[in-house]
Amino acid sequence: MKTLLRVLPYFKEYRLLMVAGYIAVVGNAFFNLAVPRLIGIAVDEGVARQDVSELVLLSVMIVGSSALRGLCAFAQNYLGESAAQGGSYQLRRALYAHVQQLSFSFHDQAQTGDLLTRSMSDVEQLKNFTGRGMLMIFNLVLLVVGVAVALLWMNWKLALLSLVILPVLYWRAADFSRAMRPLFRAVQDQVAVVATLVQDMAAGARVVKAFGQEQREVERFDAANEQLYQRYFDSTRLQSFNTPLLNFIANAATVVMLWVGGLLVIGNQLTLGELVAFYAYLLQIVGPVRQGGFLMSMASRAAASSERVMEVLDTPIDVASPPDAIELEEVHGDVEFQNVSCEYHPGRAVLERVSFRADPGQTIALVGATGSGKTTVANLIPRFYDVSSGRVVIDGHDVRDVSLASLRRQTGIVMQETTLFSGTIRENIAFGKSDATDEDIDWAARSARADEFIARLPMGYDTRVGERGVSLSGGQKQRVAIARALLMNPRILILDEFTSAVDAATERLIRAALEELMRGRTTFVIAHRLSTVRAADMILVLQNGRLVDTGTHEELLDSSEIYRQIHASQLAEPEEVVHLRDRVFDAGEFEEELIS
């Protein structure tokens with residue numbers, strides 16, 4: 001329950017609503033407790049004495065108390081729900097903001113479905129408990145205390161006999177809560193697994209259909225859904241056993257009270273009205289106590305959900321701007337790696353003692369086999385990860401000493417896997433520059449050679465691209481991503497295989513635009529094409545996380561056996577590709593393109 005208490009500060013902004021809700025609970029309990037006493041008096045003073053005026057007066061008082069109780073119950077529910085909605089809004093916002101600040105180390109391991117479940121379903125469980133559950137528990141406590149006082153005042157012997165069930169019920173509720181908590185945690189964890197499968201299915205529907213794996217995916221989902229069903233069933237089975245048991249205990253206590261109370265009435269030790277009041281008071285307790293199992297179940301759900309939410313909120317932000325961060329205003333583009341090593345996981349280095357320097361305006365090509373460390377080098381420049389040792393320096397500043405916002409404003413990135421958001425083309429191009437004008441967006445699109453296909457779309461720049469840009473082709477998405485990077489006008493460009501998903505004609509247009517825009521900017525290119533490395537000012541050859549050779553294309557062909565192997569296996573363009581391109585360009589144009 002400690003983690004549940006840690007969630008409450010997110011509701012402090014709505015504490016006045018919560019206080020008002022608790023005041024309404026007090027009023028609800030007061031008028032609730034008044035009714036049985038008034039009924040008892042009505043029986044003794046009105047019915048037994050046949051006093052009609054007294055009976056009418058007490059009836060009016062009972063109706064009035066019930067009406068006021070209903071008003072307080074409405075205020076209790078409305079105020080509690082309002083505070084809970086506000087608190088869940090703040091908690092969900094804090095969770096989302098924290099996830100945005102976490103480094104790639106977290107996102108490399110996190111599952112989308114799990115994050116969705118934590119931010120939606122788990123927060124909803126907490127909202128239900130704080131909005132209804134806590135107020136209901138407070139109301140139950142007030143009722144139990146109030147009823148105990150009233151019963152002891154009327155007849156302490158019968159009261160003790162009637163109230164002996166309370167510790168039994170409390171013990172059973174506490175034991176039930178302990179048993180339910182791990183079951184509810186298992187349910188929420190499995191909900192996250194199912195949500196992840198659904199998310200994967202939606203994102204990879206084309207791949208599933210292309211490979212004819214629909215039945216396999218259905219079987220995967222059935223297996224996960226079966227586990228979810230079983231975990232729900234386990235929790236429901238325990239709940240189903242607990243509720244009848246509580247009802248039996250409460251009803252048994254009521255029968256004992258009526259039997260003993262009836263004997264006391266026969267012996268003139270208790271009035272009939274007091275016995276009726278006793279019975280009414282016990283009914284008031286029995287109802288909420290029966291709900292005790294439900295409330296404990298709700299508390300267990302909330303406790304399990306709070307653990308899952310706080311696990312994310314407790315994840316340290318390992319890549320953050322220092323308190324006295326330097327703001328990078330004018331960047332020339334001088335990038336230096338000084339004996340840099342990097343580990344994604346302790347003891348598993350992905351880069352080891354890498355050192356090089358890129359002067360402003362240079363184009364640096366990163367080559368090497370898969371897993372050699374090319375992408376890691378690119379990721380360290382905008383500080384997506386922190387180095388394990390050594391320094392990454394930009395214009396003389398260690399990137400750990402500058403603000404992340406100013407560093408990333410100066411870094412334009414086109415990822416290998418193009419990511420677009422489900423807004424319009426205009427919104428996607430302006431994603432990194434919210435104050436961009438229509439003229440700025442149009443310039444970026446023209447520079448990326450995206451304006452032509454955008455003009456052919458029915459809504460132009462206001463065309464919605466669908467989830468992850470599904471309505472656009474690979475080449476179109478890539479050009480939108482390039483336009484998005486160019487609009488930021490960065491001093492440092494990181495291009496991760498930026499022409500790998502386009503046809504030859506589109507590649508030629510994009511390459512011409514990028515060559516013009518790369519001038520004056522320090523550019524890092526993760527490349528697999530001969531024309532790219534030939535044009536580079538410096539090539540970094542990586543192998544198993546180590547920088548094994550540097551130089552120009554011609555220098556490395558002469559001096560580096562590893563580069564010659566890479567050139568032969570990865571960079572040399574196959575003869576079939578040349579023949580294919582000859583159909584698009586004449587031989588002279590293609591030769592000029594290859595040389596350039």
* Name the single residue, out of those in the range 85-136 being of a type in the set (A, V, I, L, M, F, W, C) and not in a helix (DSSP H, G or I), that is surrounded by the most Cβ atoms within 10 Å (Cβ to Cβ). => 102
* **Odd one out for residue 434, checked against (1) closer than 23 Å to residue 333 by Cα; (2) without any contact (Cβ under 8 Å) to a residue 40 or more places away in the chain; (3) of a type outside the set (Val, Ile, Thr); (4) assigned to a loop (DSSP other than H, G, I, E, B)** => (1)
* Give the number of residues within the range 7-19 that are surrounded by fewer than 17 Cβ atoms within 10 Å (Cβ to Cβ) and more than 20 Å from residue 296 (Cβ to Cβ). => 6
* Quick one: in the range 553-564, which of the residues that are out of contact with any helix residue (DSSP H, G or I) (no Cβ under 6 Å at 6 or more places or on another chain) and surrounded by 16 or more Cβ atoms within 10 Å (Cβ to Cβ) is farthest from residue 341 (Cα to Cα)? -> 560
* Go through the residues of the range 419-426 one by one and say whether even a single one is in a helix (DSSP H, G or I), modelled with pLDDT under 85 and not assigned by TED's automatic domain parsing to the domain that holds residue 511. => no
* Asked: So which of 105, 162 is out of contact with any Gly (no Cβ under 9 Å at 6 or more places or on another chain) and in contact (Cβ under 8 Å) with a residue 60 or more places away in the chain?
  -> 105
* Does residue 121 meet the test of being out of contact with any helix residue (DSSP H, G or I) (no Cβ under 8 Å at 6 or more places or on another chain), among the polar types (S, T, N, Q) and in contact (Cβ under 8 Å) with a residue 40 or more places away in the chain? -> no
* Tell me, which residue of the range 470-494 that is closer than 22 Å to residue 360 by Cα and surrounded by fewer than 21 Cβ atoms within 10 Å (Cβ to Cβ) is nearest to the chain's Cα centre (by Cα)? -> 488
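Rundown of residues vs (1) farther than 17 Å from residue 384 by Cα; (2) hydrophobic (A, V, I, L, M, F, W, C); (3) out of contact with any helix residue (DSSP H, G or I) (no Cβ under 8 Å at 6 or more places or on another chain), yes/no style:
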site	(1), (2), (3)
301	yes, no, no
304	yes, yes, no
308	yes, no, no
317	no, yes, no
321	no, no, no
324	yes, no, yes
330	yes, no, yes
340	no, yes, no
* Residue satisfying all of: in the range 340-360; modelled with pLDDT under 90 and not in a strand (DSSP E or B); surrounded by the fewest Cβ atoms within 10 Å (Cβ to Cβ) among these -> 347
* Within the set of pairs 6 or more residues apart or between chains, which connect a residue that is in contact (Cβ under 8 Å) with a residue 12 or more places away in the chain inside the range 30-42 to a residue that is polar (S, T, N, Q) with Cβ atoms less than 7 Å apart? -> 31/65; 32/284; 34/65; 35/65; 35/66; 36/284; 38/65; 42/59
* Kindly indicate whether residue 168 is assigned by TED's automatic domain parsing to the domain that holds residue 261, part of a helix (DSSP H, G or I) and crowded, with 18+ Cβ neighbours inside 10 Å. => no
* **Count of residues meeting criterion [assigned to a loop (DSSP other than H, G, I, E, B) and touching a helix residue (DSSP H, G or I) at 6+ places or on another chain (Cβ under 9 Å)] in the range 402-416** => 2
* Does residue 319 satisfy the condition of being outside any helix (DSSP H, G or I), among the hydrophobic types (A, V, I, L, M, F, W, C), within 30 Å of residue 108 (Cβ to Cβ) and touching a residue at least 12 places away in the same chain (Cβ under 8 Å)? -> yes
* Asked: Is it true that residue 49 is surrounded by fewer than 13 Cβ atoms within 10 Å (Cβ to Cβ) and more than 34 Å from the chain's Cα centre (by Cα)?
  -> yes
* **Those residues of the range 526-537 which are surrounded by fewer than 18 Cβ atoms within 10 Å (Cβ to Cβ) and outside any loop (DSSP other than H, G, I, E, B), in sequence order** => 530, 531, 534
* Check whether at least one residue in the range 241-255 is over 30 Å from residue 185 (Cα atoms), at pLDDT 80 or above and part of a helix (DSSP H, G or I), and report yes or no. => yes
* Asked: From the list 467, 515, 439, which one is out of contact with any Lys or Arg (no Cβ under 9 Å at 6 or more places or on another chain), over 30 Å from residue 367 (Cα atoms) and at pLDDT below 85?
  -> 467
* Asked: Can you name every residue in the range 442-464 that is farther than 30 Å from residue 360 by Cα and surrounded by 22 or more Cβ atoms within 10 Å (Cβ to Cβ)?
  -> 454
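The values are calculated or read from the model by the stated rules, or taken from the named source; none is laboratory data. Given the structure is predicted, the values throughout are model-derived calculations rather than measurements. All Cβ positions, glycine included, derive from the backbone under ideal geometry; neighbour counts span all protein chains shown.
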